[in-house]
Structure formats: structure tokens, C-alpha cells
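Take a look at the structure below.
The values are calculated or read from the model by the stated rules, or taken from the named source; none is laboratory data. Quick caveat: nothing in here was measured; it's all calculated off a predicted structure. All Cβ positions, even for glycine, are placed from backbone atoms using ideal geometry, and neighbour counts span all protein chains on display. Each accessible area value is taken on the protein alone, full model and side chains, heavy atoms only, with ligands, DNA and RNA left out. Shrake-Rupley method; radii C 1.70, N 1.55, O 1.52, S 1.80 Å.
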Amino acid sequence: MVSAFTTMALLIPTLTLGCTNILVPPSSSADKSTIVAYNADSDNLYGSLGHYPARSHPAGTIRQIWDWDSSMYLGNISEASHTWNVVGNANEWGVVIGETTFGGLPALDGAGTGAILDYGSLIWVTLQRAKTAREAIKIMDELVQEYGYASDGESFSVADGSEVWLMELIGKGKIKGAVWVASKVPNGMIGATANQARTRTFVQDDPENVLYAHDVVTFAQSQGLYPTTADPKLFSFSDVYDPVSFTGARLAEARVWVLFTLATKPGTMDRYLDYAQGRNLTNRMPLFVQTMRPLSVNDTMNMMRTHFEGTWFDNTGQVRADLGAGSGHSPYRWRPLSWQHGGNKFINERTVGVQQTAWAFVAQSRSWMPAPLKALFWFAPDDSSTAVRIPLYGGATRIPGSYGGQQGQEPGAGVPYAAAGDAYHMDLNSAFWVYNLVANLAYGERYADIYPLIQVEIAKYQAKFFREIQEIDSLATSLWRNGSEAAAVEMATKYCETTGDWMTGQWRQFWMYLFARTRDGLTVLPGKLAQCSPGQTRGCTSRYVPDTEESGYTQDWYGRIVAEDGEHYRVPAAVGELDEWKLRRIQKRR
């Protein structure tokens, strides 16, 4: 039985500004922490870090809810009597929540129905109330049943120090509530999501590993989405609520395919290539895959930078010819994702590292650490491929002002001491804008020159922070265990606060270095002669004279120019030495 809802989803693929997550349980992690990696892709979102201080609230306190995507007011809910400290997407108990939007059947979208809790608010309200991942799942269910769900389908990554869960949830349209399935990532395996529901059939009698809404099957039956005579055990969440389409496979699941390829033994994912290409939608990938070795935090950071290099989807022009890569072999493509020409439709590849990412994190939750130090939240604004992630603790009582926002992702997350910028108004004290300055230099024709320089700097700073955080962990834990709990939290907070603002300054200096080195299509290097000191006249220059090299284009690119319009640019064969001399003098060279 195919309903009108399903037909609509198959015929009208939606191109969402979505996200990507990786889910790593302790058994698949190099240091036995849980790991959730998250890129938040959105082109009009200010990539600020939020902070919700822990607070007690009088009975009857009301909390306003504002939609994360549109920033519009949705309504009010009752506030909890006490709310936990939250930094970004991690709280003081080590609970972490990330998300990717899969959308699902349009008729089940809760936007504009009068429902109050959108997916963003659901994350941050839950983080302020939950002490474990299981409790977070329970709270999320209770909230949407009471207040309604004002978004469409979401894949939530929910973790604490011991477990990581993939919770896939979709609303009921104009009916209050939502249906969902949550699957715990098994030992030795990892999960990933990128804007396509991935849960299909699920075990319905194993609450240790699978949780679900009591009406996840019966609601579908009541709406004509699943036959009433069919076996409930054969019910597939994704096939019913978010049927995979070409768009869902090629622009969403391809990200998962590449991430799984990076984490598994060579050749493991080859059998699913035609699915990721969008050519065989029945060849679905497994929900979780076994890793070839435990993943470190740095491994997941690198995975979240991938541009699909070396795979069938590589669009740098080095695996196959690709005009869009330009002469600099850039994997970046300006939006829109889909375009038309000559009556045909085309798409660009949607890599994991993209220019419109607003912010990214890789979060660890360490079960062995004191509660406020359990969550180690590695955060960066803008493109995850070109960004240094700074360390923050879930229990930190302040955040670096340069990474915060005065308005916040939603009003409660704003900090008054943050830089004054937003997504439209630039501020050079804002990490978001400084990171954008660095990233934008790597886009386009100079990618091959600039991107490697950025990676060297990222590696340098991440290595520094990895070393330092070990020392801070040790010192703060010692203070905590000796009864100086407030001093432990303050030490951790101060380190994160000063490190973040210092990093903004360092990255601003790096942007100036990169700009000076690559200005005007040149590569500008230190001069061969030093500038003269007072009284010096030999072996030096009166002003600083850098050495400049012309970047030009690759031979392949020149070949394309010749093939397309070579006669326009051809130099007559009769030119001689005077022409060569004139050319050198035009360029101020001898």
C-alpha cells in the first residue's frame, strides 16, 4: 500500500540545509570516551557558542520558546525547578546532543501547526534537565507529547559517558506529539547521519538497546502509511516516514558512505556505492558499522573535514576531470546544490566539509571524570575543514567572549560579554568572522596553495590543546577529589575562557599572514635581502622587498583555455627576444 504521503515524498525531493553527525560508543573510542561529532550546516546562522548557567527557578516560572531555524517566537512552556549548566551542546553531567534534519513526509511537518517545541529548543531544554542519555530520550518524548513538536523529521545523537543513542523522531503534522525510535550504538561499531532517516526495522522487545514511541507503528497505520494487516515487526521507520529518494541517497547518505568508508576496513563499503550514488535505492547501508580500529577525537575531527577525496565522489578534478574544481582543484561549489541546463537537472556533490557550516563540534563524554569535567566539548565556528576546535568543559561557568553571541542561538543562550557581531554585521573580535576570513581565502582558485597551509596550522594548535587539556584534566580532578570542587571548576573555566579568546587572536594573525602571502594571485615570500639598518648601504634594501612568485594556472587548465578560445590568446610565431624583454619589463622584472 503506497499512500499519498509516500508518493509526495518520492516525487518531490527536498534540498535541506542540513548537518552531519558521527556517533562513537566507548568500545569504539581510543580513550574509551563516547564521541559525538557534529557539523551544523546553515548559511544564515551565526556560529556562536551558547551558555546556559545552572539555575533554580520558582514554582510557576515560564520559559519562552523561539524557533531555532527562523528565530520566531513559538510559545511558552513551564520551566523546571532546577536547570543544569550547558555549554554549547553539552551539560555539566556529560550529556551531549547533536542532530541532523531528515525532513520526512511533508504532511507530518509540525511547523506552523501551533506546536511549541522545535528541534533546537528540544535539544537545549533537554540538556538543561537530563543527567543521562536515557533520561534525555525520556524527557524529549515527554516534552513533545505535552507541548507538540514544531519541526519535521530529526535524527538526534544523544550521549553520556557510557552510551550513545541514535534517536530518529518525526512529528504528527497537525496532531500533537511525535513518534520515534532510539537505537543504542553497539560495542565496536559507530553510527553516522546526514539528513536521511536511517532506522529501518528494529527489535521491539529489547529496551536495553532499543527504545521507541508506543504508537510508532499504530500511528502510521492510522494515517494509511502502513497496512493494518502487516506484521508490526516488519515495520521500517525510514521506509514509512522518510522514504529514500535519489536526493536522500546522493546528497545525504553519500556523506554517511564516505564516513563509514574512512572508519572501516578497505573495501567494506564498496558494495553500497551504487546506493550512495543514488542509482540503487534498495541497496540500503547498515545502521551501524564496525570500525577497523578505535577512533580518537582527532580521527573524528579529520573525518568531519572530508571532501570525499580519493573516492568516486571526489570533485577536485584529480580523480576525474571536473570543470567546477577550477585550476586550484577546489572541492567547494557555490550553492545551489541542484541546477538545470538544457532542460536537464544536475547536482553538485555535497561533501562533509562545506563553506556554509555555521559551527561544528566534536564532543567527548568521559565516565571516569568528575561531573562538571565529563563533557569535553571541542568547538569551532564556520567550515569544519578550515577550523581549529577549542576545548570547553560542560561544567564551565563562563565561555570565551569571542566565541559567544549576545543574542545566542536562541535568547537564553546569549552572553552579554560576547563580541558584538552577528550573521550580518562583521566584528573582528568575533571568532565566527575571523574563522570565516581564513576559510574564504581557501575557496576558489587558490585552494591548492592555501588549504594545505591551513591544515598545518590546525594540526599545530590541536596538538597544543590536546597536550594542555591532559594537564588541566589532571589538575582539576586533583582539586575536585581533595574537596576543592569550586576551585576545580574555576580552573577549567578559566583555561577554556582564556584559550578561546587567545585562539581568536592567533587565527586573526594567521588570516593576515595568509592574506599577505597570497594577495593578488601571487605567492609572496620573504625577501632575499634584509632591510637596511641605520647606516647600512650594502647587501640590503632601503625598504622591505618581498619575493613574489606568479601562481598562474595548471597545464590542464591552460589546455582547457586553448581548447575553448585558444585563437583569441595565441601569440604569433614570429615574436622574438625584444618581445620577451618587453614582457619582462611590463612585469617589472629583468
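Restricting attention to region 31-57, and to residues there that are polar (S, T, N, Q) and over 20 Å from residue 504 (Cα atoms), which single residue is farthest from the chain's Cα centre (by Cα)?
Keep residues of region 31-57 that are polar (S, T, N, Q), which gives 33-34, 39, 42, 44, 48, 56.
Checking which are over 20 Å from residue 504 (Cα atoms) leaves us with 33-34, 42, 44, 56.
Details: 33: 20, 34: 17, 42: 10, 44: 15, 56: 32 Å.
Applying the filter and picking the extreme gives 56.
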Quiz item: Of all residues in region 147-176 being among the acidic types (Asp, Glu) and open to solvent by less than 10 Å² (accessible area, probe 1.4 Å), which is nearest to residue 124 (Cα to Cα)?
Solution: 154
Exercise. Look through 438, 434, 415 and report the one residue that is under 22 Å from residue 363 (Cα atoms), of a type outside the set (Gly, Ala, Ser) and either touching a residue at least 60 places away in the same chain (Cβ under 8 Å) or touching a Phe, Trp or Tyr at 6+ places or on another chain (Cβ under 7 Å) (or both).
Key: 415
Quiz item: Does region 558-590 hold any residues that are of a type in the set (Lys, Arg), in a loop (DSSP other than H, G, I, E, B) and within 25 Å of residue 548 (Cα to Cα), and which are they?
Solution: 588, 589, 590
Exercise. Return a yes/no flag: does region 537-554 have any residue that is within 30 Å of residue 477 (Cβ to Cβ), touching a residue at least 12 places away in the same chain (Cβ under 8 Å), outside any strand (DSSP E or B) and aromatic (Phe, Trp, Tyr).
Key: no
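So, of the residues in region 528-566 that are small (Gly, Ala, Ser) and modelled with pLDDT of 95 or more, which turns out to be most open to solvent (accessible area, probe 1.4 Å)? So that I can check it myself, show each step before the final result.
Looking only at region 528-566, we keep the residues that are small (Gly, Ala, Ser), and these are 530, 533, 535, 539, 542, 551-552, 559, 563, 566.
So of that shortlist, the ones also modelled with pLDDT of 95 or more come out as 530, 533, 535, 539, 542.
Details: 530: 63, 533: 60, 535: 83, 539: 60, 542: 102 Å².
Ranking the qualifying residues of region 528-566, first place goes to 542.
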Exercise. Give the residue that is surrounded by the fewest Cβ atoms within 10 Å (Cβ to Cβ), with candidates limited to residues of region 103-121 that are in contact with an Asp or Glu (Cβ under 8 Å, 6 or more places away or on another chain) and of a type in the set (A, V, I, L, M).
Key: 111
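If you scan region 56-71, which residues turn out to be among the polar types (S, T, N, Q), under 23 Å from residue 152 (Cβ atoms) and open to solvent by 70 Å² or more (accessible area, probe 1.4 Å)? Working first, answer last.
To start, the set of residues in region 56-71 that are among the polar types (S, T, N, Q) comprises 56, 61, 64, 70-71.
Okay, now just the ones that are also under 23 Å from residue 152 (Cβ atoms), so 64, 70-71.
The answer is 64, 71.
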Quiz item: Any idea which of 459, 448 is surrounded by fewer than 18 Cβ atoms within 10 Å (Cβ to Cβ) and either free of Cβ contacts under 8 Å to residues at least 40 places away in the same chain or among the aliphatic types (A, V, I, L, M) (or both)?
Solution: 459
Exercise. Determine whether region 182-190 contains at least one residue that is farther than 21 Å from residue 264 by Cβ and not basic (Lys, Arg).
Key: yes
Self-check item: Residues satisfying the stated conditions in region 244-270, i.e. assigned to a helix (DSSP H, G or I) and in contact with a strand residue (DSSP E or B) (Cβ under 7 Å, 6 or more places away or on another chain)
Solution: 250, 251, 255, 256, 259, 260, 263
Quiz item: Hey, among the residues in region 218-235 that are more than 12 Å from residue 108 (Cβ to Cβ) and assigned to a helix (DSSP H, G or I), which one's most open to solvent (accessible area, probe 1.4 Å)?
Solution: 233
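Just for strands (runs of 3 or more DSSP E) wholly inside region 320-433: which have at least 1 residues that are open to solvent by less than 10 Å² (accessible area, probe 1.4 Å)?
Values: elements: 338-341, 344-347, 357-365, 375-381, 390-393.
In region 320-433, 357-365, 375-381, 390-393 are the strands (runs of 3 or more DSSP E) which contain 1 or more residues that are open to solvent by less than 10 Å² (accessible area, probe 1.4 Å).
Residues in region 289-303 that are in a strand (DSSP E or B) and of a type in the set (S, T, N, Q): how many?
The first filter runs over region 289-303 and keeps only residues in a strand (DSSP E or B), leaving 289-290, 295.
Then drop every residue that is not of a type in the set (S, T, N, Q), which leaves 290.
Adding up the residues that qualify gives 1.
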Practice problem: Check region 267-277 and report whether any residue there is open to solvent by 10 Å² or more (accessible area, probe 1.4 Å) and under 17 Å from the mean Cα position of the chain (by Cα). | Solution: no
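Pick out the one residue from 45, 49, 74 that is under 24 Å from residue 380 (Cβ atoms), among the aliphatic types (A, V, I, L, M) and surrounded by fewer than 24 Cβ atoms within 10 Å (Cβ to Cβ). Walk me through it before giving the result.
Details: 49 fails: surrounded by fewer than 24 Cβ atoms within 10 Å (Cβ to Cβ); 74 fails: under 24 Å from residue 380 (Cβ atoms).
Among 45, 49, 74, only 45 is under 24 Å from residue 380 (Cβ atoms), among the aliphatic types (A, V, I, L, M) and surrounded by fewer than 24 Cβ atoms within 10 Å (Cβ to Cβ).
Would you be able to tell me the number of residues in region 499-527 that are under 30 Å from residue 473 (Cβ atoms) and open to solvent by 70 Å² or more (accessible area, probe 1.4 Å)? I'd like the intermediate steps shown before the answer.
Here is the first cut: in region 499-527, the residues under 30 Å from residue 473 (Cβ atoms) are 499-510.
From the residues that got through so far, the ones that are open to solvent by 70 Å² or more (accessible area, probe 1.4 Å) too are 502, 509.
The total comes to 2.
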Exercise. Could you grab the pairs with beta carbons closer than 8 Å, sequence gap of 6+ or different chains, first residue in region 80-95 and within 11 Å of residue 376 (Cα to Cα), second one at pLDDT below 95 and surrounded by 24 or more Cβ atoms within 10 Å (Cβ to Cβ)?
Key: none
Quiz item: Any idea which of (1) open to solvent by 10 Å² or more (accessible area, probe 1.4 Å); (2) in a strand (DSSP E or B); (3) over 19 Å from residue 408 (Cα atoms) is the one residue 100 doesn't satisfy?
Solution: (1)
Quiz item: How many residues, within region 251-266, are open to solvent by 20 Å² or more (accessible area, probe 1.4 Å) and more than 16 Å from residue 309 (Cα to Cα)?
Solution: 1
Quiz item: Which residues, counting only those in region 185-217, are in contact (Cβ under 8 Å) with a residue 60 or more places away in the chain and surrounded by fewer than 23 Cβ atoms within 10 Å (Cβ to Cβ)?
Solution: 186, 187, 188, 189, 200, 211, 213
